[in-house]
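Q: Have a look at this one before I ask anything.
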Amino acid sequence: MKTSKCNLSVACGAALVAIILALPGQLRGQTGAAKSSGGNGTSATRWSVQVDQIDPGNLDLAYSFQIAIYENLVEELKKTNQFQRVFRDGDLKASEVPDLLVLKTTVEKYAAGSETQRAVTTVSGATKLTVRSQLLTREGEVVRERTVNGDVRFSGSNLRATHNLARNIVKTIKQSYFAGSGQPTAILTGFLRLGIQ
């Protein structure tokens, strides 16, 4: 009698473990399916982005800084995996993409720092960059516009400020309603009309 009770307990325990392990897998599958489809049962649209060359504005910004900002932006945008494709300025393939946003970056302020001063003291020598970042539709409508800062205060080369700036620009884009959200063009246009940023 004790043996059959023991076998029954083991069998019930094994069945319970099997049920517990099976249910989360089914729930994950349902959640994944819900995320991959839009409200009407079709797959969601993924936007692509084209990064325009950096506009130095009216500042005498070294070309190396402009190129460093640009290259860091392209790399940081690729890392997010929020866009279907990331195009460089002048890429002819971008004109063939239906859902394309354009990232324009204009430098507004630049304070050249000193690596030597940063090494000696923590209160001076910071390199600072401030830009106006605009995410636009192909037609030129502004989807998102922000003023973004990037700097290097303690250690690292002056060009490190361009990397920090690019990360901050991409962070604001990730917080956007549109980047990678799969919102169809009609919803994007509706947000633009409402002025939601």
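Q: Considering only protein heavy atoms, with the full assembly of protein chains and a 1.4 angstrom probe, order 91, 52 by accessible area, largest first.
A: 91, 52
Q: For the cross-link pairs 79/128; 93/174; 78/128; 104/171, which exceed 21 Å when the distance is taken from alpha carbon to alpha carbon?
A: 79/128; 93/174; 78/128
Q: Hey, got a sec? Which chymotrypsin sites (Phe, Trp or Tyr not before Pro) in the range 55-92 land in a DSSP loop and have at most 14 other Cβ atoms within 10 Å?
A: Hits after loop and neighbour filter: nothing returned.
Q: How would 95, 64 rank on accessible area, largest to smallest, probe 1.4 Å?
A: Ranked from most to least accessible, the order is 95, 64.
The values are calculated or read from the model by the stated rules, or taken from the named source; none is laboratory data. Keep in mind it's a predicted model, so treat the numbers as computed, not measured. Backbone-built Cβ (ideal geometry, glycine too); neighbour counts: all protein chains shown. Ligands, DNA and RNA are stripped out before the accessible areas are found, and what is left, the full protein with its side chains, is counted by its heavy atoms. Shrake-Rupley method; radii C 1.70, N 1.55, O 1.52, S 1.80 Å.
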